[in-house]
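Here the structure comes first, spelled out in structure tokens, and everything after it is commentary.
The values are calculated or read from the model by the stated rules, or taken from the named source; none is laboratory data. Keep in mind that this is a model prediction, so the values were computed, not measured. A quick note on method: Cβ atoms are made from the backbone with ideal geometry, for glycine too, and the neighbour counts reach across all protein chains shown. The area values use the complete protein model at the heavy-atom level, side chains included, leaving out ligands, DNA and RNA. Shrake-Rupley method; radii C 1.70, N 1.55, O 1.52, S 1.80 Å.
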Amino acid sequence: MDSVDLNSYLAFGYLGWIIAYLITSLSGRAALTAKKTLFWTLVLLFVIHTAAIGLRWAESYWMGIGHAPLSNLYESLVFFAWTILLALLLVWRKFRNDVIVFVGMPIVFIVMASTFLIDSQIRPLIPALQSNWLVAHVFTCFLGYAGFAVSFVAAVLLLIVRSWENPPSFFPKKALLDEIVYRSILVGFPLLSLGIITGAAWADHAWGAYWSWDPKETWSLITWMVYAGFLHARLTRGWSGGKTAILSVIGFAAVMFTYFGVNYLPGLHSYF
Amino acid sequence: MKAKVSRGPEKKETAPQANIITVFFTSVRTTITLLFLLALCAILGTVIPQGEMADVSAGAGHSFVSRIAVILDLNNVYRSWWFTGLLVLLAMNILGCLLKRMPLIISEWKGDQKKRSFFLTLTDSRSPDELKKLFSERLKAIMKCAPKQTNSASGSELSWERQKIYLLGFPLIHIAIIVILIGGLIGVFFGFRGHVQIKVNEKSSTYALLSTGEVKTLPFTIAVDAFTLTRYPTGEPKEFRSDIRLIDQSGHELKGSIRVNHPITFDGISLYQSDYRIVGISKVSISIQSEDGPAETISVNPMEPLITTKGSGMEIKIRGFDPGSSQRGAGIEVVVSAKDGKPSTIRLYENDTAPVKIGGVKLGFKGYEPTYATGLQVGYDPGSRVVWIGSIMLIFGFILTLFTNIQRLNIELIRENDKTRITVSGRSKRMRKEFRESVESTVKDALKTS
């Protein structure tokens with residue numbers, strides 16, 4: 001079994017977990033033990049996911065073209081799913097709320113399922129990507145993206161809860177959702193900044209210009225500005241609730257465009 | 001209001017105006033507006049094709065739209081006067097906000113600020129001295145340091161302070177952004193980026209500016225000794241390498257190789273591997289097969305123009321080379337002349353399997369060794385160091401803001417009759433609720449013990 005098979009099983013594993021969660025909740029067996037089992041099952045899936053990334057790393061070395069598995073769209077999607085799952089597990093642990101994890105899991109599943117559609121072969125690293133900056137740059141960017149993804153999920157939930165007159169009791173409270181929307185951006189924003197800085201350092205090293213206004217660079221800056229706007233609106237203008245939730249949704253749309261949409265514009269990041 | 005009216009007429013006119021400007025540059029509302037405005041303008045730059053002004057003006061002629069496009073630099077958004085202007089406004093606004101908030105931060109650093117986020121008043125029968133000892137001991141778990149003691153006529157006070165360094169986070173982050181923007185401006189005004197293409201075994205000391213195409217001279221000469229392109233077994237490129245010598249005016253020479261991700265810096269100017277081009281051929285293999293004889297492959301140097309075949313005594317001359325852009329691959333143009341016939345020109349392609357028949361012989365193009373020209377990027381940016389300093393400040397600012405937390409705690413002990421009045425007040429920048437709860441429970445627990 002190679003890492004590609006493992007990733008396929010993982011996608012089904014995540015789907016299975018979502019269904020298991022639904023069944024447990026609907027059958028009213030939302031007891032503490034059931035929730036605990038679900039949590040540890042997700043931790044186990046996360047460990048397998050980590051192993052799959054490690055295996056792919058090892059496989060590239062067995063092929064004689066060893067490099068970190070962060071070099072093309074397939075590998076970045078697998079890593080993206082891993083970072084979102086990590087963020088969701090942290091939220092579960094910190095805020096003791098599983099509804100947000102349940103709502104976030106379909107994103108992890110869709111990201112993993114989308115890898116079925118694209119070339120999964122391990123390819124040698126092209127000269128432009130042969131740099132130690134690769135791991136630092138991709139790692140920080142995607143961890144930041146994961147924070148924004150969690151904020152987005154909480155923001156969508158918050159907007160839904162706000163539109164209901166009597167939200168069901170098992171739903172997270174508005175104040176908690178608002179806190180998660182804000183806290184995850186507070187973590188994601190410095191990580192994105194670090195991602196942009198490492199990217200600029202790498203670009204300076206490889207191309208002689210730390211900033212070239214290439215579409216991906218520009219869109220990451222747009223994303224950065226939206227979240228900087230979010231933080232200032234919240235911290236100094238006292239925005240919260242629905243207003244900041246909408247900003248979080250706009251920010252995540254910018255993240256998605258930076259990640260996928262930019263590929264339709266010509267630029268230097270054409271390998272992702 | 002009356003006091004304002006009584007001021008001189010000049011002041012009456014300028015004061016409100018200055019006020020508007022001050023408000024504009026010190027308001028966070030301006031910052032948020034500028035951030036969203038810059039984001040929108042940046043989107044514009046990714047939607048409108050950049051750097052293609054020639055097409056726009058040629059196509060649309062002198063229409064209104066094209067004139068607007070020229071005035072607004074729409075083909076060059078990120079270097080346009082209004083985009084740079086917005087960035088400068090942002091830097092000024094951040095500076096304004098920073099200056100406005102600095103006195104507060106300084107007074108908080110000095111401890112003059114008495115702002116507290118919670119108060120708690122209790123009474124106890126023990127003496128202030130006893131309680132002092134008790135609290136110093138118990139609150140060590142939360143504050144992780146010994147308290148400062150001050151005594152006054154009415155009573156005494158214990159004060160703790162921890163991680164004051166948190167206060168540096170905010171100014172550091174915002175100064176960092178200003179420093180980065182200044183670094184960017186320095187680069188725009190004093191730096192340059194260019195490109196130079198040099199054939200192997202040739203030299204150059206000029207480059208073309210990327211922005212305008214203008215040719216400029218370098219303070220040194222670049223001599224290219226070799227260009228090597230290595231591939232993976234799968235055919236993908238593995239490495240581009242230019243072996244070069246850099247010679248400055250005094251004759252000092254630096255030998256080295258430039259690869260992608262591995263530039264060389266000389267005299268403050270950096271050279272980067274950018275691209276390559278096949279500009280010629282150094283050796284061509286041609287297969288020749290006479291009517292009765294076996295096929296033979298001969299390698300020729302295209303510089304030696306004449307090849308005479310053994311059997312028929314034909315002369316073959318290579319006249320041109322095309323690196324190949326079609327399915328047929330690279331091509332050569334050869335002139336074939338029989339012993340006493342008219343010369344004829346034919347084209348042979350690398351990927352054609354069937355040889356071309358001419359004058360009794362079959363010719364095929366078997367391969368070639370290319371001569372390369374390496375494309376190097378030339379860059380000089382005195383602002384980049386400033387940008388890196390700003391980036392490091394930004395990272396430190398984030399670390400301080402996220403991982404430290406200023407916490408202040410004061411306990412005032414005043415003896416009243418036979419009781420001691422205890423006033424606990426505290427302030428925590430982050431995790432306010434948690435701090436308050438832990439302080440309150442620790443203080444109450446301490447008082448319960450006898």
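Of all complete DSSP H helices in chain B, those with a Cα span along the helix axis of 20 Å or greater and a mean Kyte-Doolittle hydropathy of 0.0 or more are B:28-47, B:81-110, B:166-190, B:384-403.
Choose one of B:Asn93, B:Gly360, B:Asn19: the residue whose Cα lies farthest towards the positive end of the charge dipole of chain B (beta-carbon charges +1 Lys, Arg; -1 Asp, Glu; about the Cα centre). Going by the Cα projections, it comes out as B:Asn19. Report the net charge of residues surrounding A:Trp224, where surrounding means a beta-carbon distance below 14 angstrom and charges are Lys +1, Arg +1, Asp -1, Glu -1. So the environment of A:Trp224 carries a net charge of 0.
Along segment A:179-191 the Karplus relation, 6.51 cos²θ - 1.76 cosθ + 1.60 evaluated at θ = phi - 60°, assigns HN-Hα couplings of 4, 5, 3, 6, 4, 5, 6, 4, 7, x, 4, x, 5 Hz to successive residues, with x for each Gly and Pro.
Label zone of B:Leu120 (point 7 Å out along Cα→Cβ, amide N under 13 Å): in segment B:399-441 this covers B:409-412, B:422-427, B:433-441. In the context of the full set of protein chains, chain B has a per residue accessible area of 57 Å² (1.4 Å probe). Between the listed residues A:Ser131, A:Gly251, A:Val156, the Cα displaced farthest toward the positive end of the dipole of segment A:126-272, a dipole computed from Cβ unit charges relative to the Cα centre, is found at A:Val156. Legend: calculated FRET efficiency, B:Leu37 to B:Met102, from the Cβ-Cβ distance at R0 = 22 Å, rounded to 0.05, equals 0.25.
Sorting B:Thr401, B:Thr31 by accessible area puts them as B:Thr401, B:Thr31; the probe is 1.4 Å, largest comes first, and only protein heavy atoms count. Here A:Leu176 sits with roughly 50 square angstrom of accessible surface, probe radius 1.4 Å. Using a 1.4 angstrom probe on protein heavy atoms only, the contact between A and B buries about 3600 square angstrom of accessible area, both sides summed. Our helix-only sum for chain A, with -39,500 (n - 2.57) per DSSP H run of n ≥ 4 divided by its residues, gives a mean residue ellipticity at 222 nm of -26000 deg cm²/dmol.
Could you compute how much accessible surface A:Asp5 exposes when probed at 1.4 Å, giving the result in Å² to the nearest 10? Approximately 60 Å² for this residue. Interface residues of segment A:117-160, defined as those with an accessible-area decrease of at least 10 Å² between the chain by itself and the complete set of protein chains (probe 1.4 Å), are A:Arg123, A:Pro124, A:Leu125, A:Ile126, A:Pro127, A:Ala128, A:Gln130.
Only protein heavy atoms count here; on that basis, with a 1.4 Å probe, A:Phe257 has an accessible area of about 70 Å². Charge dipole of segment B:212-281 (Cα centre as origin; +1 on each Lys and Arg Cβ, -1 on each Asp and Glu Cβ, all else neutral): 200 debye, rounded to the nearest 20.
Electrostatic tally near B:Ile32: other residues with Cβ closer than 11 Å to its Cβ, Lys and Arg +1, Asp and Glu -1, net +3. Heavy-atom accessible area with a 1.4 Å probe sorts B:Arg415, B:Arg319, largest first, into B:Arg319, B:Arg415. Each Lys and Arg adds +1 at its Cβ and each Asp and Glu adds -1 at its Cβ; summed about the Cα centre, the protein assembly as shown shows a dipole of about 3580 debye. Once the C-beta distance of B:Val88 and B:Lys216 is scaled by a Förster radius of 30 Å, the resulting FRET efficiency is 0.65 to the nearest 0.05. Placing A:Met112, B:Met393 in order of accessible area, with the largest value first and a 1.4 Å probe, yields B:Met393, A:Met112.
Taking the helices alone, chain B has a mean residue ellipticity at 222 nm of -12000 deg cm²/dmol, built from -39,500 (n - 2.57) per DSSP H run of at least 4 residues and averaged over all its residues.
Given +1 at the Cβ of Lys and Arg, -1 at the Cβ of Asp and Glu and no other charges, the dipole of chain B around its Cα centre is 2660 debye to the nearest 20. Which of the listed residues, B:Ile414, B:Ala141, B:Ile288, is farthest toward the dipole's positive end in the protein assembly as shown, when Lys, Arg count +1 and Asp, Glu count -1 at the beta-carbon? Toward the positive end, the furthest listed residue is B:Ile414.
Can you give the FRET efficiency to the nearest 0.05 for B:Ala446 and A:Gln121, using r as the Cβ-Cβ distance and R₀ = 56 Å? Step by step, r from the Cβ atoms, then E = 0.30. Here each label is just a point 7 Å from Cα along the line to Cβ, and for B:Lys199 and B:Glu437 those points are 7.8 nm apart. With both labels modelled 7 Å from their Cα along Cα-to-Cβ, the B:Gln163 to B:Thr353 distance reads 7.3 nm.
The modelled label-to-label distance for the pair B:Glu315/B:Leu72, using points 7 Å beyond Cα in the direction of Cβ, is 6.6 nm. Straight-line cross-link partners of A:Lys36 among the lysines, defined as a Cα under 23 Å from its Cα and at least 8 positions apart when in the same chain: A:Lys94, A:Lys173. For segment A:112-237, the solvent-accessible area works out to 37 Å² per residue, with a probe of 1.4 Å and every protein chain left in place.
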